[in-house]
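K.L.:
There's a structure below that I have some questions on.
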Amino acid sequence: MLKINNADVIREVTEASDRYEAALMANDLNQLDALFRDAPETIRYGIGENLYGFDEIAEFRKTRTGGSPQRDVIRRVVTAYGPDIATVNLEFRRKNSERTGRQSQTWLRTEEGWRIVAAHVSLVQSFS
């Protein structure tokens, strides 16, 4: 039977997610690249881009002027599905803005450690 939310897996993925968030805010390209699985199957859908494969993701980060807009995490949910796969879903608010967004990531345990294999970022539509 599949064990959901093993405490050790939740802790490990939460720590990896913390490293990702710190690297994103610091625009640490080496650490960001290290946290994505280096494979053609890795996907990242961003606010304005669809990136297929690790190479496209890494190239996008290199060419993005100034890195990601600064943000505060409002809420994060980490769910583990067995010992080797987990999801991280979070809501964020961009600094100096009322604009909120969502991020989802699928993490896979690899020989190198936990790596993102799929990611999606979107902004919530403002209706006011």
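Values quoted throughout were computed directly from the atomic coordinates according to the rules given, and no laboratory measurement underlies them. These figures come from a predicted structure and were not determined experimentally. Note: ideal-geometry Cβ built from the backbone for every residue, glycine included; neighbour counts use all protein chains shown.
K.L.:
Give me the distance between the Cα centres of the range 20-59 and the range 70-128, rounded to whole Å.
P.N.:
13
K.L.:
Can you give the calculated 222 nm mean residue ellipticity of the chain, where each DSSP H run of n ≥ 4 adds -39,500 (n - 2.57) and the sum is split over every residue, rounded to the nearest 500 deg cm²/dmol? Please list the in-between numbers first.
P.N.:
Values: 3 runs with 37 residues, N = 128.
Helix contribution divided over all residues of the chain: -9000 deg cm²/dmol.
K.L.:
In nm, give the distance between the simple-model label positions of Asn96 and Thr79, each being 7 Å from the Cα along the Cα-to-Cβ direction.
P.N.:
With each label point 7 Å from Cα toward Cβ, the separation is 3.6 nm.
K.L.:
Under a crude label model (7 Å from the Cα following the beta-carbon direction), how far is Lys62 from Glu15 in nanometres?
P.N.:
3.1
K.L.:
So which chymotrypsin sites (Phe, Trp or Tyr not before Pro) in the range 94-128 end up in coil per DSSP with only 12 or fewer other C-beta atoms within 10 Å?
P.N.:
Details: sites: Trp107, Trp114, Phe127; in loops: Phe127.
Counting only loop positions with at most 12 other Cβ atoms within 10 Å, the chymotrypsin sites (Phe, Trp or Tyr not before Pro) in the range 94-128 are Phe127.
K.L.:
Additional query: Please give the net charge around Ser104, taking every other residue with its beta carbon less than 13 angstrom from that of Ser104, where Lys and Arg add +1 and Asp and Glu add -1.
P.N.:
Numbers: positive: Arg44, Arg75, Arg76, Arg102; negative: Glu91.
Around Ser104, the charge tally is +3.
K.L.:
If Rh is defined by the Kirkwood formula over all Cα pairs and Rg also comes from Cα, what ratio Rg/Rh do you get for the chain?
P.N.:
Numbers: Rg = 14.6 Å, Rh = 15.1 Å.
Over the Cα atoms of the chain, Rg/Rh equals 0.96.
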